[in-house]
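To keep things clear, I will list the structure first and then write my remarks on it.
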Amino acid sequence: MEPTIACVVPCHNEEAAVGKVVRDLRAALPESIVYVYDNASTDRTVEVARAAGAIVRQEPRKGKGNVIRRAFADVAADALLIIDGDDTYDASRARDLVNLLFDGPYDQVVGARRVTDDGAYRTGHAAGNKLLTGAVRSLFGNDVTDMLSGYRVFSQRFVKSFPALAREFETETEMTIHALHLRLPTAEVAVDYRVRPAGGESKLRTYRDGWRILRVILDLARRERPSLVHTVIAGVLALVSVVLGIPVIADFVRTGTVPRLPTAVLAAAIMTIATLVLLVGYILESLMHMRQEQTRLVHLSYPAPAYSPRLTARGAGIGAVSGRKTAASRRNAIALDAEQHRDLEQGQEVSPSDG
């Protein structure tokens, strides 16, 4: 049985680029189904995506993280590819990423950006990416080189065990740390990264999004490495207590009295708090391990990707026949999904909170 492949393209006002992205994906992966998730666009993104052959779904809550959460809940496939709809990534390399996922097998393959055009990667974004990637490597121990890439392929078991709590562009950070948290097999493929086409506008804000991602990293460190975080906090408190307490102890040794009683009480209280913080850290570490075990069991309840779709990509012999069959299957699936989607729109109103 051939594996199922789905492509998810999050879009907000990408009419200038989304058509080319969809066409490139369909050419690279003719057996896949391409979904464009429109994220409250005010231009012709929906019309252009449908004209290019994609199934369009709506996510009215703005933010890429909200789109990923909705798509991961709605779409089931053996391999799920996500790529930004701004045509900055080389969508024609999709076959390489999917093949590597199956051949590994891996749970995540990241398209590590390789800048090919001047101005494609602003200096602030490049510096921020290096800083944040370095922070994650220090906290969680990994060798990922492009933590913030928006071009990735996931196995089904990654998708269905990923909580998707982020709201906006910090979702890539969450994906990276989820893979590190469960020690999932991950690979990288260097892909070209180019400037946006004329008429496109970047949704990234260097300082705002960088600060938000840094906050996510610190919050994840607190939740995923509680013993480390609490040990650091307890150590700082203990150091303050010792600094305050040394003069008190010296006075007591010299005179046998405690003339600085308020200072002594304060030092003792701070040391008590440090001890409690340390104990809470160890308790949270135990709870984190229990949660990690549960997440791991959910991950293992799905089979590993084990079949390579290389033959469907060949242009001759059996590969060509298989490619035509899978392309026909994809078109039938698109037609059926689109018909069901129209019936749903005509028959009932879909709540924004669904999914």
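The values are calculated or read from the model by the stated rules, or taken from the named source; none is laboratory data. Being a predicted model, the structure only gives us computed values, none of them experimental. Every residue, glycine among them, receives a Cβ derived from its backbone with ideal geometry; neighbour counts consider all protein chains shown. The accessibility values were calculated without ligands, DNA or RNA, using every heavy atom of the protein model including side chains. Shrake-Rupley method; radii C 1.70, N 1.55, O 1.52, S 1.80 Å.
Please go through region 245-263 and give me each residue that is closer than 30 Å to S227 by Cβ and either assigned to a loop (DSSP other than H, G, I, E, B) or open to solvent by less than 50 Å² (accessible area, probe 1.4 Å) (or both), ordered by number. Residue satisfying the conditions is G245 alone. Is there a residue being over 24 Å from P163 (Cβ atoms), outside any helix (DSSP H, G or I) and open to solvent by 20 Å² or more (accessible area, probe 1.4 Å) anywhere in region 83-92? Among the residues of region 83-92, at least one is over 24 Å from P163 (Cβ atoms), outside any helix (DSSP H, G or I) and open to solvent by 20 Å² or more (accessible area, probe 1.4 Å), which makes the answer yes.
For I68, the conditions (1) over 23 Å from M175 (Cβ atoms); (2) of a type outside the set (G, A, S); (3) part of a helix (DSSP H, G or I); (4) in contact (Cβ under 8 Å) with a residue 12 or more places away in the chain all hold with the exception of (1). Does E2 satisfy the criteria of being touching a helix residue (DSSP H, G or I) at 6+ places or on another chain (Cβ under 8 Å), over 12 Å from A54 (Cα atoms) and open to solvent by 20 Å² or more (accessible area, probe 1.4 Å)? Criteria met by E2. Only residues that are closer than 23 Å to A306 by Cβ and buried (at least 19 other Cβ atoms within 10 Å of the Cβ) were counted in region 140-181, giving 13. Condition check for G65 on (1) of a type outside the set (V, I, T); (2) out of contact with any Lys or Arg (no Cβ under 9 Å at 6 or more places or on another chain); (3) open to solvent by less than 10 Å² (accessible area, probe 1.4 Å): one failure, at (2).
Has region 227-234 got any residue that is farther than 22 Å from L180 by Cβ and not polar (S, T, N, Q)? Yes, that holds for at least one residue.
Within region 138-192, being over 18 Å from F102 (Cα atoms), β-branched (V, I, T) and over 11 Å from the mean Cα position of the chain (by Cα) holds for V144, T145, V191. If the condition is being β-branched (V, I, T) and open to solvent by 100 Å² or more (accessible area, probe 1.4 Å), then region 282-306 contributes only I283. Between V236, V232, V242, the distinction of being under 31 Å from the mean Cα position of the chain (by Cα) and either open to solvent by 50 Å² or more (accessible area, probe 1.4 Å) or without any contact (Cβ under 8 Å) to a residue 60 or more places away in the chain (or both) belongs to V232 only.
Hey, among the residues in region 15-53 that are open to solvent by less than 10 Å² (accessible area, probe 1.4 Å), outside any strand (DSSP E or B) and touching a residue at least 40 places away in the same chain (Cβ under 8 Å), which one's farthest from D107 (Cα to Cα)? By that ranking, first place goes to T45. Evaluate the following for A264: is it on the phi < 0 side of the Ramachandran plot and either among the charged types (D, E, K, R) or modelled with pLDDT of 50 or more (or both)? Yes. If the condition is being in contact with a Leu (Cβ under 9 Å, 6 or more places away or on another chain) and modelled with pLDDT of 80 or more, then region 107-128 contributes D107, Q108, V109, V110, G111, R113. Taken over region 217-226, residues that are open to solvent by 30 Å² or more (accessible area, probe 1.4 Å) and either over 28 Å from T176 (Cβ atoms) or among the aliphatic types (A, V, I, L, M) (or both) amount to 1.
Quick one: is G104 open to solvent by 20 Å² or more (accessible area, probe 1.4 Å), at pLDDT below 95 and either in contact with a Gly (Cβ under 7 Å, 6 or more places away or on another chain) or not hydrophobic (A, V, I, L, M, F, W, C) (or both)? Yes. Looking across region 251-294, the residues that are in contact (Cβ under 8 Å) with a residue 24 or more places away in the chain and polar (S, T, N, Q) come down to T275, Q292.
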